[in-house]
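Visitor: The structure under discussion is supplied below as structure tokens; questions concerning it will follow.
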Number of protein chains: 2
Amino acid sequence: MHSLTDRQRQILDWIRRETEANGRPPTRAEMATALGFRSVNAAEDHLRALARKGAIRLIPGSARGIQLKDGPPEDAGLWVVGRVAAGQPVLAREHLTVRHAIDPRTFRPAADYLLTVIGESMRDAGLLDGDLLAVHKSPEAREGQIVVARLGEEVTVKRFSRRQGAIWLLPENPAYQPIIVRPGEDLVIEGVGVGVVRLEV
Amino acid sequence: MHSLTDRQRQILDWIRRETEANGRPPTRAEMATALGFRSVNAAEDHLRALARKGAIRLIPGSARGIQLKDGPPEDAGLWVVGRVAAGQPVLAREHLTVRHAIDPRTFRPAADYLLTVIGESMRDAGLLDGDLLAVHKSPEAREGQIVVARLGEEVTVKRFSRRQGAIWLLPENPAYQPIIVRPGEDLVIEGVGVGVVRLEV
DNA sequence: TCTCATACTGTATATATATACAGTATGCAT
DNA sequence: ATGCATACTGTATATATATACAGTATGAGA
């Protein structure tokens, strides 16, 4: 599939939501109204582009003839990433242990994998030992986000903060100490937490 | 909902399959062709009957304007149950708000629905305000399980315990008091917690 | 510099589609 | 005995809808 433009992805997402909500795809006129086009042909053009790039299929001469290509792919779901050795990509096949049938788009932004939380350092954020953290892959993080960070050999889940020219990885448990990472130290942000799944209560 | 005739249920099932397969509801003409009517009006008549009996909703003047009232809930995903009025079954259609594409069997035993946790009374069990508790329907609970209990008008999530001939509903937060339910009081166990889904961290 | 894709406005039209109206036949309830 | 719902056939039509055609403006690539 060719890569979509921002606008096209925006419109594809809208079509997906609309189809889900109404149980049927929109018409060109409905698209124009909702998306703010003054011409129905703008909708037609976008549909053509999306079809050409393989994101949808158009059924000619048929009302609401828009088929979304990626419905529920059978390989959908989220993998639980196991022990990750240093320097290796988190999502390498050999680290994937169990797959759970959970749509990645349940979370915003969409989750890429699940990571088992070990220890009690994030207890007060409601992240208990054994919880599965839904992680969105991202090389950077914003203030206050829960991140999956790699420090040399170690992979850890902490809250992200910038203070006094350093990066602070804050636990959410008074029994634990913050980790202060000074510039130049070997810190890699693997992703940000977007949700939690707990399989026992 | 009035009871459907055999023929009407047959046709409703066909519409459901067709909608699922094509991603959109059929037209009257498509129904006539597939179901062997020589007149499109036969389809129209059936749709009117199904709408009158509440099985579907028809959107006037709109192409493929057939909305299925009851999507198959067990089919895929878990519903988030909204506010439940007293004396009404939790899983009544009108209480279902949002569906998440999570396989119920991700949890053991399988979850039947998701319930939004309100308040901080179970904070120390890692259940925060807004969390979705995966619930397995069950009229009874074992010692120490997290239960969804109904006390008259109120639906509450607590830890279940039997003590001194009464049932104790224990919070997991020192700021809250246990609820003690003596025999004869109006307590209904709706189900037991089997997991948690959190959509924000 | 020219071309091409993107992202639209604006107008027009063939046809896909919903839907009304007029029937026929059957069975069920009152 | 008569009305009413079911389950259709057959015809007709207003309009919802897809889609062509003619433009404008912008930015990226060759």
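No value in this document is a laboratory result; all are computed from the given coordinates. Because the structure is predicted, anything quoted here is derived from the model rather than measured. For neighbour counting, all protein chains shown are included, and Cβ atoms are generated from backbone atoms with ideal geometry for every residue, glycine included.
Visitor: With the cut-off at 31 Å, tell me which of the pairs B:53/B:137; A:53/B:69; B:69/B:137; A:53/A:137; A:69/B:137 have Cα atoms farther apart than that.
Guide: A:53/B:69; A:69/B:137
Visitor: Under a point-charge model restricted to the Cβ atoms of Lys and Arg (+1) and Asp and Glu (-1), what is the dipole moment magnitude of region A:6-68 relative to its Cα centre, in debye to the nearest 20?
Guide: Once rounded to the nearest 20, the dipole reads 160 debye.
Visitor: Now a separate question. Per-residue mean of other chain beta-carbon atoms within 10 angstrom of the beta-carbon, peptide A:57-68?
Guide: Per residue, the average neighbour count from other chains is 3.
Visitor: OK, next. Could you work out the longest stretch of chain A that avoids the trypsin sites (Lys or Arg not before Pro) located in DSSP loops with at most 12 other Cβ atoms within 10 Å? Kindly include the intermediate steps, with their values, before the conclusion.
Guide: Details: sites that count: A:38, A:83, A:142.
Looking at chain A, A:143-201 is the longest stretch - no exposed trypsin sites (Lys or Arg not before Pro) with at most 12 other Cβ atoms within 10 Å.
Visitor: What is the gain in length, in nm to one decimal, between residue A:199 and residue A:173 on full extension, counting 0.36 nm per residue of separation less the C-alpha to C-alpha distance? The partial results should precede the final answer.
Guide: Details: separation 26, 0.36 × 26 = 9.36 nm, distance 2.22 nm.
Here the answer is 7.1 nm.
Visitor: Counting only other chains, and only Cβ atoms inside 10 Å, what mean value do you get across the residues of A:130-137?
Guide: Neighbouring Cβ atoms belonging to other protein chains average 2 per residue here.
Visitor: Under the rule that an exposed site lies in a DSSP loop and has at most 13 other Cβ atoms within 10 Å, name the longest stretch of chain A with no GluC sites (Glu not before Pro) of that kind, not counting the sites themselves.
Guide: A:1-73
Visitor: While we're here: Which length gain, in nm to one decimal place, applies between residue B:151 and residue B:186 when the Cα-Cα distance is subtracted from 0.36 nm times their residue separation?
Guide: 12.0 nm
Visitor: Hey, if you put +1 on the Cβ of every Lys and Arg and -1 on every Asp and Glu Cβ in chain B, which of B:164, B:11, B:138 ends up farthest toward the positive end of that dipole?
Guide: Of B:164, B:11, B:138, it is B:11.
Visitor: Taking each residue in A:40-52, count the Cβ atoms of any other chain within 10 Å of its Cβ, then average. What number comes out?
Guide: 0
Visitor: Any idea what the residue B:13 label distances to the other copies are, label 7 Å down the Cα→Cβ vector, nm, shortest first?
Guide: Between copies, matching label points for residue B:13 lie 4.0 nm apart.
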